[in-house]
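See structure below.
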Amino acid sequence: MDHWSESEGKRAHDPIFQTYFSQNCRQHVEDFCKERSADAVVSPSQRSILVPGPIIVGAGPSGLAVAACLKEKRVDSLILERSNCIASLWQLKTYDRLSLHLPRRFCELPLMPFPADYPVYPSKKEFVAYLEKYAAWFGIRPAYNHTVVCAEYDEKRLLWRVRTQATGRMGEEVEYMSQWLVVATGENAEVVQPEIDGLKEFKGTVMHTSAYKTGRMFAGKRVLVVGCGNSGMEVCLDLCNNNAQPHIVVRDTVHILPREMLGQSTFGLSMWLLKWLPVHVVDLFLLLVARAMLGDTARLGLKRPTVGPLELKSLSGKTPVLDVGTFAKIRSGDIKVRPDIKHISGRQVEFLDTLSEDFDAIVLATGYKSNVPFWLKDQELFSEKDGLPRKAFPNGWKGERGLYSVGLTRRGLMGTSLDARRIAHDIEQQLRTEGRYLGVLL
């Protein structure tokens, strides 16, 4: 082991060094790096930086929540974010008309509620403003433009080694080391591109919903939306409201529920009922009310799964569609429902029912996936198949050797808040047990 590596490995568990860092914690971590011992050798293309507090990968709502909960316990952390802003998915990859599908009280992060004058369903702009205020209030300053390319546990140093590549500076790599690693990259880190015969040769516009902003650019055009989740349904509504001619491909069964039932949010009503009734009874109630309000959705090509919406969410993570007006447009014929695609040739799309139609554009509302398997070398906490914790909620937040997961439970922001609090408490207890808690005080 080289002299620099040995000295840094010892420093990671040195209370005096921890105290020194805490006194300088308001410096940017790269400035702190300059104060290392004079005998440290640093390659011009790669630097190694010891982080006494936890490393958090991802500056979305999940990463911010963990950092805030740690701050409350007077523990500093370092957030590594590949983009140039917090909540990059919300700011850079969502459509303009997006708003929270659940009431704000179910979406607030720990320790800070939404402003009292916010609407029940805050808009995208309002939610981002809330997150920015949240980060400012807790003094959270992520290291932006740092893409994590590899993270693995060093058995000799007993530290997580997180290698990053800086955006815009080709070849420059920085390695961060810490006793704790928190994965907060989310369930929606990478887009899912479907395999459709002929899609690459389509002669019109093809885009994923991550690039879609507004239907104004499609006015007067025939647009095929592939995917009937919440995003696909809302994009169709936006296209319809902007004088486009949307068609939606339903590739699977889907539960459509009104966003509100009996004067309450459907989600809030469900949570209340689950306090008193089993899941299958609440599911039955939701489906009966939905049938009374929407009618038989199967008659319009939207067949429901055999499993109820809440049970399906629990088993597979598949979220029911909370209707914000799209279904009325489907019922009126303004939005056409089509089965899955068989083949694309030029601008012509052939469906499984043998019907063929021409389209000017295709919007892929085919969702996202976790990217954890691509950079994290761990086979215990996370599944290599889908990049999500192997253990179901609420037991998927903690792994071995200081590894944690937040925002990957398929439980939305409520699950994020619960996991963030657990993680902060667990790290605090470790510091107290080791007698190093005072070493990371602000």
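Take the residues of region 356-385 that are among the charged types (D, E, K, R) and within 22 Å of ASP252 (Cβ to Cβ): which is least open to solvent (accessible area, probe 1.4 Å)?
Quick first cut of region 356-385, residues among the charged types (D, E, K, R) only: 357-358, 360, 369, 377-378, 380, 384-385.
Filter again for within 22 Å of ASP252 (Cβ to Cβ), leaving 357, 369, 385.
On the way: GLU357: 30, LYS369: 90, LYS385: 191 Å².
Result: GLU357.
Among the residues of region 341-350 satisfying the criterion of being out of contact with any Leu (no Cβ under 7 Å at 6 or more places or on another chain) and touching a residue at least 60 places away in the same chain (Cβ under 8 Å), which is farthest from ALA219 (Cα to Cα)?
Narrowing region 341-350 to residues out of contact with any Leu (no Cβ under 7 Å at 6 or more places or on another chain): 341, 343, 345-348, 350.
From the residues that got through so far, the ones that are touching a residue at least 60 places away in the same chain (Cβ under 8 Å) too are 341, 343, 345-347.
Working: ILE341: 24, HIS343: 25, SER345: 23, GLY346: 21, ARG347: 18 Å.
Going through the qualifying residues, I end up with HIS343.
Assuming ALA189 fulfils every condition listed in (1) modelled with pLDDT of 95 or more; (2) of a type in the set (Gly, Ala, Ser); (3) within 21 Å of PRO61 (Cβ to Cβ) apart from one, which condition is it?
Here ALA189 meets the rest and fails (1).
Which one is farthest from LEU102 (Cα to Cα) among residues in region 253-299 that are among the charged types (D, E, K, R) and open to solvent by 10 Å² or more (accessible area, probe 1.4 Å)? Give the steps one after another, and end with the answer.
Here is the first cut: in region 253-299, the ones among the charged types (D, E, K, R) are 259-260, 275, 283, 291, 296, 299.
Those still in the list that are open to solvent by 10 Å² or more (accessible area, probe 1.4 Å) too: 259-260, 275, 291, 296, 299.
Values: ARG259: 8, GLU260: 10, LYS275: 19, ARG291: 21, ASP296: 24, ARG299: 28 Å.
My answer is ARG299.
Can you tell me which of (1) surrounded by 14 or more Cβ atoms within 10 Å (Cβ to Cβ); (2) at pLDDT 95 or above is the one SER345 doesn't meet?
Looking at each condition in turn, SER345 falls short on (1).
Please find, within region 386-421, the residue that is nearest to LEU111 (Cα to Cα) out of those that are open to solvent by 70 Å² or more (accessible area, probe 1.4 Å) and among the charged types (D, E, K, R). First the steps, then the outcome.
From region 386-421, those open to solvent by 70 Å² or more (accessible area, probe 1.4 Å) are 390-392, 395, 398, 400-401, 410-411, 414, 418, 421; that's our starting set.
Restricting the remaining residues to those that are among the charged types (D, E, K, R) gives 390-391, 398, 400-401, 410-411, 421.
Numbers: ARG390: 28, LYS391: 27, LYS398: 21, GLU400: 27, ARG401: 27, ARG410: 22, ARG411: 19, ARG421: 10 Å.
Looking at residues that are open to solvent by 70 Å² or more (accessible area, probe 1.4 Å) and among the charged types (D, E, K, R), I get ARG421.
Only residues in region 306-330 that are under 13 Å from ALA290 (Cα atoms) and of a type in the set (Val, Ile, Thr) count as the first member; pair them with residues that are open to solvent by 30 Å² or more (accessible area, probe 1.4 Å) and assigned to a helix (DSSP H, G or I), Cβ under 9 angstrom, at least 6 apart or cross-chain, and list the lot.
Final answer for the pair search is VAL321/ASN230.
How many residues are over 24 Å from the mean Cα position of the chain (by Cα), surrounded by fewer than 16 Cβ atoms within 10 Å (Cβ to Cβ) and closer than 24 Å to ASP296 by Cα if we restrict to region 237-252?
Of the residues in that region, 0 qualify.
Identify the residue in region 314-338 that is open to solvent by 40 Å² or more (accessible area, probe 1.4 Å) and touching a strand residue (DSSP E or B) at 6+ places or on another chain (Cβ under 7 Å) and, among all such residues, is farthest from ASP252 (Cα to Cα).
Residues of region 314-338 open to solvent by 40 Å² or more (accessible area, probe 1.4 Å): 314-316, 318-319, 324, 328-329, 331-332, 334, 336, 338.
If we keep only those that are touching a strand residue (DSSP E or B) at 6+ places or on another chain (Cβ under 7 Å) as well, we get 336, 338.
Working: LYS336: 16, ARG338: 11 Å.
By that ranking, first place goes to LYS336.
From the list LEU237, LEU284, pick out the single residue that is over 28 Å from GLY215 (Cβ atoms) and part of a helix (DSSP H, G or I). Steps first, please.
Numbers: LEU237 fails: over 28 Å from GLY215 (Cβ atoms).
After ruling out the rest, the residue left standing is LEU284.
Conditions (1) among the basic types (Lys, Arg); (2) in contact with a His (Cβ under 6 Å, 6 or more places away or on another chain); (3) outside any strand (DSSP E or B); (4) within 22 Å of GLU190 (Cα to Cα), marked per residue:
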| position | (1), (2), (3), (4) |
| --- | --- |
| HIS280 | no, no, yes, no |
| LYS313 | yes, no, yes, yes |
| PHE327 | no, no, yes, no |
| VAL337 | no, no, no, no |
| GLU357 | no, no, no, no |
| ASN395 | no, no, yes, no |
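Select, from VAL254, VAL225, the only residue that is under 28 Å from GLY346 (Cβ atoms) and either in contact with a helix residue (DSSP H, G or I) (Cβ under 6 Å, 6 or more places away or on another chain) or among the hydrophobic types (A, V, I, L, M, F, W, C) (or both). Show your work before the answer.
Numbers: VAL254 fails: under 28 Å from GLY346 (Cβ atoms).
After applying the criteria, what remains is VAL225.
Residue-by-condition table, conditions (1) of a type in the set (Val, Ile, Thr); (2) touching a residue at least 24 places away in the same chain (Cβ under 8 Å):
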position	(1), (2)
PRO52	no, yes
VAL57	yes, yes
VAL66	yes, yes
CYS69	no, yes
TRP90	no, yes
PHE106	no, yes
PHE114	no, no
PRO122	no, no
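Give the residue that is nearest to ARG390 (Cα to Cα), with candidates limited to residues of region 170-195 that are open to solvent by 10 Å² or more (accessible area, probe 1.4 Å) and either among the β-branched types (Val, Ile, Thr) or without any contact (Cβ under 8 Å) to a residue 12 or more places away in the chain (or both).
THR185
Could you identify the single residue in ARG216, ARG222 that is open to solvent by 30 Å² or more (accessible area, probe 1.4 Å) and in contact with an Asp or Glu (Cβ under 7 Å, 6 or more places away or on another chain)?
Values: ARG216 fails: in contact with an Asp or Glu (Cβ under 7 Å, 6 or more places away or on another chain).
Sole residue among the options that is open to solvent by 30 Å² or more (accessible area, probe 1.4 Å) and in contact with an Asp or Glu (Cβ under 7 Å, 6 or more places away or on another chain): ARG222.
The values are calculated or read from the model by the stated rules, or taken from the named source; none is laboratory data. What you see is a predicted model; the values in this text were computed from it and never measured. Please note: Cβ atoms are built from the backbone with ideal geometry, for glycine as well, and neighbour counts cover all protein chains shown. When the accessible area is computed, the model is the full protein with side chains, heavy atoms only, and any ligands, DNA or RNA have been set aside. Shrake-Rupley method; radii C 1.70, N 1.55, O 1.52, S 1.80 Å.
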